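Values in this text are rule-based calculations from the coordinates and carry no lab data. These figures come from a predicted structure and were not determined experimentally. Cβ coordinates were reconstructed from backbone atoms using ideal geometry, including for glycine residues, and neighbour counts include every protein chain displayed.
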Ligand code: ARG
């Protein structure tokens with residue numbers, strides 16, 4: 001058999017692989033995204049091999065120079081990642097051998113593609129997690145600035161999509177701030193757990209060469225080597241965790257998108273999307289559609305799908321490596337690209353949107369959002385809460401019949417329902433007062449909200465600081 005057909009494992013074979021089998025088996029078309037991680041891993045592996053005397057200093061040097069020249073050529077576009085190679089690992093090794101001869105063939109000493117791919121994917125996932133985290137921080141910056149600008153922007157809070165109690169836009173956006181900051185912290189945890197090196201696990205059982213796994217782990221900025229070589233080649237938990245975190249991020253983005261879609265509707269008009277972030281209709285000239293929010297909502301299914309796909313792939317795999325695991329890549333890459341673009345676009349969309357404060361305030365004024373406060377007023381006058389609830393309920397039926405809001409009823413009308421009402425009822429149900437009286441931690445009242453914002457600011461700063469260290473690695 002001709003040398004060029006042998007690839008990485010032709011020695012044992014007397015016949016060429018069937019063309020369809022090759023097409024089905026090969027992964028270069030997608031695992032080329034691991035190119036830089038593959039080079040990084042091989043640089044560390046070759047330095048360690050020569051330091052340990054497993055290969056000569058001279059071969060080590062040739063390998064490293066060869067790898068760097070391949071990296072440069074791919075970066076400049078001089079060398080394209082294509083051709084008849086099974087995967088990115090075969091591609092790099094073949095190019096290296098073309099450039100540096102026999103030294104190139106020594107690179108794979110004490111290494112298997114099983115630990116190589118485990119390493120490449122881990123390096124790739126680790127930087128992906130940092131990237132997503134960085135984008136979330138930009139989104140959090142935007143949300144916090146909307147919060148700061150809208151401490152006094154009264155709006156209705158909803159349950160069952162029915163007006164419930166008055167809140168502020170600052171408070172509402174604060175809920176999203178919490179969600180996305182939890183997402184950030186989740187990614188930090190995942191980062192910490194995945195930050196161990198599988199390199200040196202070999203095919204599954206380590207190797208007989210005196211590898212220094214601490215050295216390669218250190219060089220690749222891992223906390224240390226993975227402790228079990230079987231786990232080293234067969235663990236994909238870090239991808240599952242990342243996909244789960246991405247699914248949760250998408251769920252949060254999707255909830256926000258759904259609200260943007262509702263708020264942008266003609267019935268609500270709480271928000272006006274910037275022209276740059278909306279699209280028109282080919283037939284209806286009046287339309288300004290929230291396509292971006294709809295696409296984010298729609299793409300959520302795709303990311304959940306990626307997560308379920310990999311969970312299903314992994315569920316019955318016997319230890320250690322199985323080729324099924326090659327299926328981790330396309331779904332992960334697709335989910336990653338999707339999540340990144342969805343965060344970026346949502347950020348731009350809310351940053352450029354204008355909030356219709358008057359509409360929000362007017363909407364909070366209708367729908368009896370101050371009914372709870374009216375009941376609480378009676379409680380303060382000594383009426384038991386259950387009775388107060390009943391009295392206000394009857395007043396609301398009456399007000400609906402009269403086409404009035406609670407503020408518009410006269411004191412005589414109030415007194416008709418209970419002698420406990422006085423003129424101070426109007427102050428108690430004034431919307432701004434209703435909001436500001438909610439002073440408990442986490443509530444929308446001005447004082448509590450300013451307190452939350454202060455805490456969120458400090459917290460966001462600490463998240464940014466950690467990001468700087470993660471990016472610096
Ligand atoms: N393309 C393979 C993957 O993604 C690389 C590892 C191949 N190892 C093997 N023993 N066939 O998993």
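Residues of the stretch 377-403 that are buried (at least 19 other Cβ atoms within 10 Å of the Cβ) and either in contact (Cβ under 8 Å) with a residue 40 or more places away in the chain or on the phi > 0 side of the Ramachandran plot (or both): 377, 378. Checking 349, 327, 294 one by one, the residue that is free of Cβ contacts under 8 Å to residues at least 24 places away in the same chain and not in a strand (DSSP E or B) is 327 and no other. Does residue 124 count as within 12 Å of the ligand (Cβ to nearest atom), within 30 Å of residue 460 (Cβ to Cβ) and touching a helix residue (DSSP H, G or I) at 6+ places or on another chain (Cβ under 9 Å)? In short, yes. The combined condition, being in a loop (DSSP other than H, G, I, E, B), farther than 22 Å from residue 181 by Cβ and under 37 Å from the mean Cα position of the chain (by Cα), is not fulfilled by residue 432. Yes or no: residue 355 in contact (Cβ under 8 Å) with a residue 60 or more places away in the chain and within 16 Å of the ligand (Cβ to nearest atom)? Answer is no for this residue. Set side by side, the residues 372, 338 differ, and just one is in contact (Cβ under 8 Å) with a residue 24 or more places away in the chain, within 27 Å of residue 265 (Cα to Cα) and not in a strand (DSSP E or B), which is 338. If you go through the stretch 312-324 one residue at a time, how many are assigned to a helix (DSSP H, G or I) and either within 11 Å of the ligand (Cβ to nearest atom) or in contact with a helix residue (DSSP H, G or I) (Cβ under 9 Å, 6 or more places away or on another chain) (or both)? Result for the stretch 312-324: 4. Within the stretch 75-96, at least one residue is out of contact with any helix residue (DSSP H, G or I) (no Cβ under 6 Å at 6 or more places or on another chain), surrounded by fewer than 13 Cβ atoms within 10 Å (Cβ to Cβ) and within 24 Å of residue 221 (Cβ to Cβ). The single residue among 70, 63, 54 that is more than 16 Å from the ligand (Cβ to nearest atom), assigned to a loop (DSSP other than H, G, I, E, B), over 24 Å from residue 328 (Cα atoms) and touching a residue at least 24 places away in the same chain (Cβ under 8 Å) turns out to be 54. For the stretch 78-96, the criterion of being part of a helix (DSSP H, G or I), under 31 Å from the mean Cα position of the chain (by Cα) and within 16 Å of the ligand (Cβ to nearest atom) is met by at least one residue.
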